[in-house]
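A quick write-up on the structure given underneath.
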Protein chains: 2
Amino acid sequence: MPITANDPKRKTWLDTSPDTDFPIQNIPFGVFLTRDDIITIGTRIGDYAIDLGALHQLGYFKEIELTDDIFLQDTLNDFISDGRKTWRLVRNRIADIFDKENPQLRENEDHRKHILFTMDEVEMQLPVQVGDYTDFYSSKEHATNVGTMFRGKENALMPNWLHIPVGYHGRSSSIVPSGINVRRPWGQTMPEGETEPVFGPSKLIDFELEMAFITTDANVLGEPIPVNEAEDHIFGLVLFNDWSARDIQKWEYVPLGPFLAKNFASSISPWIVTLDALQPYKVAGPKPEREQLPYLQYKGKKSYDINLEVYIAPENGQETKVATSNFKYMYWNMSQQLAHHTVNGCNVNSGDMMGSGTISGSTPDSFGSMLELTWRGAKPISLADGSERKFINDNDTVILKGYCKSDDIRIGFGECRTKLLPAIKQ
Amino acid sequence: MPITANDPKRKTWLDTSPDTDFPIQNIPFGVFLTRDDIITIGTRIGDYAIDLGALHQLGYFKEIELTDDIFLQDTLNDFISDGRKTWRLVRNRIADIFDKENPQLRENEDHRKHILFTMDEVEMQLPVQVGDYTDFYSSKEHATNVGTMFRGKENALMPNWLHIPVGYHGRSSSIVPSGINVRRPWGQTMPEGETEPVFGPSKLIDFELEMAFITTDANVLGEPIPVNEAEDHIFGLVLFNDWSARDIQKWEYVPLGPFLAKNFASSISPWIVTLDALQPYKVAGPKPEREQLPYLQYKGKKSYDINLEVYIAPENGQETKVATSNFKYMYWNMSQQLAHHTVNGCNVNSGDMMGSGTISGSTPDSFGSMLELTWRGAKPISLADGSERKFINDNDTVILKGYCKSDDIRIGFGECRTKLLPAIKQ
């Protein structure tokens, strides 16, 4: 099926800026609260939020087989369950409705009033109810950097790392959308040279620059997903900030992995950019350094060229870019991750979220966490206001951005913007 | 509020066996499919399944503030959200309805027909939609045994273990109720002495004898639950078999913990026994061997005396008891686990499940896994049919049982019974 929504020549009758993340070729999906306090599923073109519930009620999707209330929901889970064929039909139809040449909605002022909002009139929600959240650890540069700091250069990359897309389970309940503040957590730490742990607010709060993909009901318990079919079950991606408390992590993570160091919050960008929209940005991934087992061997290109940036803004201060990375640096791609996750029969559901792990490049300015950027605090970063950061300070805002670019088209993710509030009193 | 449903003198007008796990003092909650193919929330007395949806429609709960459809649901999540006061009122009311002295339902044959099923007429379902599943590692004996085998005696118990109720996130999607078969998983392993991993069905499938507690909407993101308030947010417990593939686990678990070795399946008993029903069996826990941080220090008794048993039944063979343990052996109790889990502000929701970790005692016949019982296969177990087991064979059924006992009252959990099917062809 051709993905006509991606046609680079298409223009919209909506007034959009040429450098928007959301041209008519993007058409992401999200959930928002309208000015009338109604929750609806929507899409975005330029700075317009588009109410898909209203569009559907007004008959704009009548050629597509959809239940009446599919967009009148507070999560995308049911729509995602409808499968890739339906996502494509809907996305193509939206592109048609907003195409410059199509007068149907453009000339209907009454309909436009029900359907169109400006972005400042809506409040973005979590786009899915996350059933299970898995976090991978698929950037070789990140695993090597962290391994070196936590276990020394000799044991940096574990023997399994080049054979397994290492992953672990995370906490879904504390995933919040961009714009929701998070709190500095309390926890146990073991200070250097001490023999008794202490309890207090974490002193080493970090971001992790990640992306996450959202799956559909991909398989039933017991049935693996082959690596070359994996993309059929991926709805789209978001930016993902896997907040981490490095001092808590160091003390707790042996032998079962990070727990409270991670589960106090993870932040995501609210618009899910579909895998379909990202097709023009497919690229080859890094060459395997060791032969991979057959269930992880794939055909064709499975990596995506997505530029990633991290900014820090102190309270009342301007944003400073602190890192520039790219999703294509990942050693293990999403297809390999999903094939590995299900090779034992583990079942994946609509709305499940799978984080990439921190995405670091090979140069020091491309590292995806403060831990790596400042090398555990040894090399502080200077911000535009003259202050320095080893980790994240109270009331700092961390902003992740991501976009693809080819010729004149830019497909972006908007922002994942989160302010770190001081710890509560205990 | 007195928990009158626990009155040991109370008798029921239903015909029940004296050694049932489900006397009128138990009154657990579950979800079942009736002979009419209707899903309902119910309870159990003796071998009767009781349709609470029908009881409510017929007006038996009219003194309690409940929404009309609270029991006409396919999970207990909304009922659990109603909170402890409501759970108690409903449980006490059920005890009244089935009290020997109460003729209201006993003498109403038409109502009885709508409300009462025998257990063989219903099909038990998963009682909750599990939002997040966390597994703790709270038995000192188990942690010591496994640590000795995986890392040697010197590093058996990690330095953090006596300070932290160590836990990690698990997979909720693959939690299944008793009676659902599970498949031997495929996966990567690194055979002893080799340098390249191999791919095949796991050769070392194990059970883990655990219990799990189910929470209500306990807190909002950012707000910890104090240790002495934790039990207010615990609805009840089930038996929990945390299936494990030891060979996959050994190769994958460093540094982020077990993943595919665990997430192919976990099995639970279908009736949630309320924490209220277990109050008579509260006991003091093990004395801390190291001083615990104040947020983990609790008042009163927080452990529970629950006898636990594991049986293995080969195909067409009889059950052999292979382990006898007790929930009271846990070094860290549920209150400490929940306080720890939320001390960083992590939010807990209705239907979340928290496993205890494998519950081993101090003697070799009280170990809660084959790994420990056979000491990694070095000391095989003999079954009643004369066969031997190092781990679990294809078509073996593993049965967990659990019960409390005092005077003439036995409060039990029924069974968690799961057959291991052979690996699929790949």
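All of the numbers you see were taken from the coordinates with simple rules; none came from a lab. Since the model is a prediction, treat every value here as computed from it, not as a measurement. Cβ coordinates were reconstructed from backbone atoms using ideal geometry, including for glycine residues, and neighbour counts include every protein chain displayed.
Inter-chain neighbour count for B:348-356: the average number of beta-carbon atoms from partner chains within 10 Å of each residue's beta-carbon is 1. Local charge for B:Y137 was computed over the other residues whose Cβ lies under 11 Å away, with Lys and Arg +1 and Asp and Glu -1, and equals -3.
In the calculated pair-distance distribution of the protein assembly as shown, the portion above 43 angstrom amounts to 32 percent of the Cα-Cα pairs. If you run the Gaussian network model on chain A, springs between alpha carbon atoms under 10 Å, then out of A:G351, A:G131, A:G200 the most flexible one is A:G200. For helix A:84-97, what angle does its Cα long axis make with the longest principal axis of chain A, in degrees from 0 to 90 and rounded to 10? The angle comes out at about 60 degrees. Look at the stretch B:123-131: the mean tally of other chain Cβ atoms within 10 Å of its residues' Cβ atoms is 1. 3J(HN,Hα) couplings calculated from phi for the stretch B:289-302 with the Karplus curve 6.51 cos²θ - 1.76 cosθ + 1.60 (θ = phi - 60°) are, in sequence order, 8, 10, 4, 9, 4, x, 5, 10, 8, 10, 9, x, 8, 10 Hz; Gly and Pro show x.
If a/c stays under 1.5 just call it rounded; otherwise compare a/b with b/c (prolate if a/b is bigger, oblate if not). Do that for the stretch B:137-203, with a ≥ b ≥ c from the square roots of the Cα gyration tensor eigenvalues. The partial results should precede the final answer.
Values: a/c = 2.53, a/b = 1.18, b/c = 2.13.
Cα axes put the stretch B:137-203 in the oblate bin.
Comparing A:E192, A:E141, A:E154 in a Gaussian network model of chain A, where Cα atoms under 10 Å apart are tied by springs, the biggest mean-square fluctuation is seen for A:E192.
For B:S81 and A:V198, the FRET efficiency from 1/(1 + (r/R0)^6), where r spans their Cβ atoms and R0 equals 35 Å, is about 0.45.
Straight-line cross-link partners of B:K299 among the lysines, defined as a Cα under 19 Å from its Cα and at least 8 positions apart when in the same chain: B:K282, B:K287, B:K328.
Judged by the ratio a/c of the largest to the smallest principal axis of the C-alpha gyration tensor, chain A counts as prolate, that ratio being 1.5 or greater while a/b is larger than b/c. So if R0 is 56 Å, what FRET efficiency would B:E107 and A:S17 give, r being the distance between their Cβ atoms, rounded to the nearest 0.05? With a Förster radius of 56 Å, E is 0.15.
How much mean residue ellipticity at 222 nm does the protein assembly as shown get from its helices, if each DSSP H run of length 4 or more adds -39500 (n - 2.57) and you divide by all residues, to the nearest 500 deg cm²/dmol?
Values: 18 runs with 136 residues, N = 852.
After summing the helix terms and dividing by the residues of the protein assembly as shown, the value is -4000 deg cm²/dmol.
Computed from Cα atoms, the angle from the helix B:140-151 axis to the main principal axis of chain B rounds to 30 degrees.
Look at the dipole of chain B built from charges on Cβ: of B:Q336, B:I424, B:Q318, the Cα furthest out on the positive end belongs to B:Q336. Take the Cβ atoms of B:D74 and B:D407, set R0 to 41 Å, and the FRET efficiency comes out at 0.65.
Take every residue in peptide A:338-344, count the Cβ atoms of other chains within 10 Å of its Cβ, and give the average of those counts.
Numbers: counts 0, 0, 5, 4, 3, 9, 19.
The mean count of partner-chain Cβ atoms within 10 Å per residue comes to 6.
Mean-square fluctuations from a GNM of chain B, with a 10 angstrom spring cutoff on Cα atoms, peak among B:G300, B:G30, B:G187 at B:G300. Between B:N316 and B:D37, full extension at 0.36 nm per residue minus the direct alpha carbon distance yields a gain of 97.4 nm. Among A:R290, A:R10, the order by Cβ neighbours within 10 angstrom, fewest to most, reads A:R290, A:R10. When the Cα gyration tensor is reduced to axis lengths a ≥ b ≥ c, the ratio a/c is 1.5 or higher for the stretch A:287-424, and with a/b above b/c it is classed as prolate.
Taking Cβ atoms as reference points and 15 Å as the exclusive limit, the residues near B:L157 contribute a net charge of -1, counting Lys and Arg as +1 and Asp and Glu as -1. Fully extending the segment from B:D7 to B:S387, taken as 0.36 nm per residue of separation minus the present Cα-Cα distance, adds 132.3 nm.
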